[in-house]
Amino acid sequence: MTTLRRRSALSLLSGGLAFLAGCSDASDGNGSNTTGDGNGTNGDGESTDSIDGTLPSYASILPTTDRSEYFFGAIDVETMSTLLEDQGAQAGAEPTDPLVGNPVVVALLCSFGLTQLGSSAGFDAYNDNNETADGAEQFVYADGVYALVGSYDREGVATDLEAAGYALETDAEGYAVYADSGSDEVVGIADDVYAYSYPSDGDSSTDPVTIVERTVATAAGQREPNHEADDGFDRLLRRGENDGITCCLYTDADEFDSETLSDDQASDEDSLQFEFAPFEGASGVHQQLSVPGDGSATAHAVVSYDSDDLVDEERLESALGTEAETVEFGTDGSTVEIDAEYGGEFARE
């Protein structure tokens with residue numbers, strides 16, 4: 001996943017912190033902390049609820065991989081605009097509550113990806129052929145690939161990329177992949193996704209041509225998306241909320257291994273990193289953060305376990321919602337849902 005250096009990140013984060021911090025003086029700490037009573041379960045503690053939730057619009061671009069762990073983050077363009085609108089906000093301390101901190105790192109990661117796009121030779125190809133309705137575009141980071149999900153003139157993008165010196169790597173039904181020899185950037189295009197990536201430490205498993213191609217091939221219907229291949233992943237996406245900023249970590253194993261949870265722990269005070277340690281013992285976590293721009297924020301998280309005896313409510317309650325005005329935990333069999341509301345100045349120094 002990623003480590004973001006504070007010096008380069010805080011300029012992107014400042015607007016987001018201003019909105020997350022809010023302007024209410026009413027908060028005196030964590031507020032209420034209410035644990036649900038487990039309604040919706042049978043006598044054995046197993047969930048009796050069917051999951052009929054809606055998949056996010058970008059589910060069809062999330063490809064299968066050969067790894068057990070799966071991570072993605074997403075943010076809608078409207079939320080990105082809200083986060084970056086207040087350019088004059090003072091930079092604050094990064095949040096320590098993972099319900100806020102993990103989505104904030106997703107926003108930073110996407111901000112970095114948009115900066116990369118803006119400085120690339122292929123930016124005009126994207127910009128001139130973007131036919132997405134205002135406010136409808138989604139930005140997704142998954143499997144080492146940055147992807148904008150919307151509506152694009154695929155032929156127009158291809159023509160402009162070739163004019164900019166990009167070489168055709170793959171031309172298939174419904175999608176194409178190009179590479180720029182100058183920057184080693186790889187771009188993939190389908191009717192509903194513009195995807196791009198860069199080399200990563202020479203690891204063949206993250207070869208940008210390979211990972212970009214499987215993203216756009218999935219979007220074009222030439223590969224099976226991960227939610228169709230894995231029922232547990234599908235249920236997690238459907239149970240979570242998907243507006244604003246989303247952050248998802250999942251494994252097809254019984255639970256996350258310790259290396260997965262520790263990869264993104266902060267190693268020094270200058271780094272901004274994901275914090276997944278509270279989810280030890282779980283097999284999936286889907287987080288969502290809404291930032292309406294009125295000085296408040298709400299967070300929703302779904303934590304799934306392989307069985308109800310692995311549920312660790314005490315660990316979750318001790319680490320999540322620590323900066324919230326109110327936070328509620330509800331357990332439904334092997335799943336815990338968390339809702340938190342934020343205001344006050346928890347994100348300011």
Exercise. Scan (1) out of contact with any helix residue (DSSP H, G or I) (no Cβ under 8 Å at 6 or more places or on another chain); (2) open to solvent by 10 Å² or more (accessible area, probe 1.4 Å) for the single condition TYR198 breaks and write down its number.
Key: (1)
Quiz item: With (1) assigned to a helix (DSSP H, G or I); (2) closer than 30 Å to THR54 by Cα; (3) of a type in the set (S, T, N, Q) as the list, and GLN222 as the residue in question, which single condition is left unmet?
Solution: (1)
Quiz item: Somewhere in the stretch 78-94, is a residue modelled with pLDDT of 90 or more and either closer than 25 Å to TYR305 by Cβ or not β-branched (Val, Ile, Thr) (or both)?
Solution: no
Practice problem: For the stretch 272-314, name all the residues that are in contact with a Cys (Cβ under 6 Å, 6 or more places away or on another chain) and open to solvent by less than 10 Å² (accessible area, probe 1.4 Å). | Solution: HIS286, GLN287
Quiz item: Can we say ALA121 is in contact (Cβ under 8 Å) with a residue 60 or more places away in the chain, farther than 30 Å from ALA319 by Cα and open to solvent by 50 Å² or more (accessible area, probe 1.4 Å)?
Solution: yes
Quiz prompt | Residue satisfying all of: in the stretch 164-186; outside any strand (DSSP E or B) and over 17 Å from GLY118 (Cβ atoms); least open to solvent (accessible area, probe 1.4 Å) among these | solution = GLY174
Quiz item: Just one of the numbered conditions (1) surrounded by 19 or more Cβ atoms within 10 Å (Cβ to Cβ); (2) at pLDDT below 90 is not true of GLY45; which one?
Solution: (1)
Quiz prompt | Counted residues, the stretch 315-343 - those being within 20 Å of the chain's Cα centre (by Cα), at pLDDT below 95 and open to solvent by 50 Å² or more (accessible area, probe 1.4 Å) | solution = 1
Self-check item: Qualifying residue in the stretch 135-151 (condition: in contact (Cβ under 8 Å) with a residue 24 or more places away in the chain, open to solvent by 50 Å² or more (accessible area, probe 1.4 Å) and polar (S, T, N, Q))
Solution: no
Exercise. Could you list all residues from the stretch 234-246 that are surrounded by 24 or more Cβ atoms within 10 Å (Cβ to Cβ) and at pLDDT 95 or above?
Key: LEU236, LEU237, THR246
Quiz item: Residue check, TYR250 against (1) surrounded by fewer than 21 Cβ atoms within 10 Å (Cβ to Cβ); (2) aromatic (Phe, Trp, Tyr); (3) touching a Phe, Trp or Tyr at 6+ places or on another chain (Cβ under 7 Å), all met but one. Which one?
Solution: (1)
Quiz item: Among the candidates ASP160, ASP134, which residue alone is in a helix (DSSP H, G or I) and closer than 18 Å to ASP191 by Cα?
Solution: ASP160
Self-check item: Complete set of residues in the stretch 109-150 that are in contact with a strand residue (DSSP E or B) (Cβ under 8 Å, 6 or more places away or on another chain) and farther than 17 Å from TYR198 by Cβ
Solution: ASN129, ASN130, GLU131, THR132, GLY135, GLU137, GLN138, VAL149, GLY150
Practice problem: Could you please find all residues in the stretch 152-163 being under 28 Å from the mean Cα position of the chain (by Cα) and either surrounded by fewer than 17 Cβ atoms within 10 Å (Cβ to Cβ) or in contact (Cβ under 8 Å) with a residue 40 or more places away in the chain (or both)? | Solution: TYR152, ASP153
Practice problem: May I ask you to list the residues in the stretch 95-111 that are at pLDDT below 85, assigned to a loop (DSSP other than H, G, I, E, B) and crowded, with 17+ Cβ neighbours inside 10 Å? | Solution: PRO95
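The values are calculated or read from the model by the stated rules, or taken from the named source; none is laboratory data. For clarity, every value in this text was computed on a predicted model and none was experimentally measured. Note that each Cβ is placed from the backbone with ideal geometry, even for glycine, and that neighbours are counted across all protein chains shown. Each accessible area value is taken on the protein alone, full model and side chains, heavy atoms only, with ligands, DNA and RNA left out. Shrake-Rupley method; radii C 1.70, N 1.55, O 1.52, S 1.80 Å.
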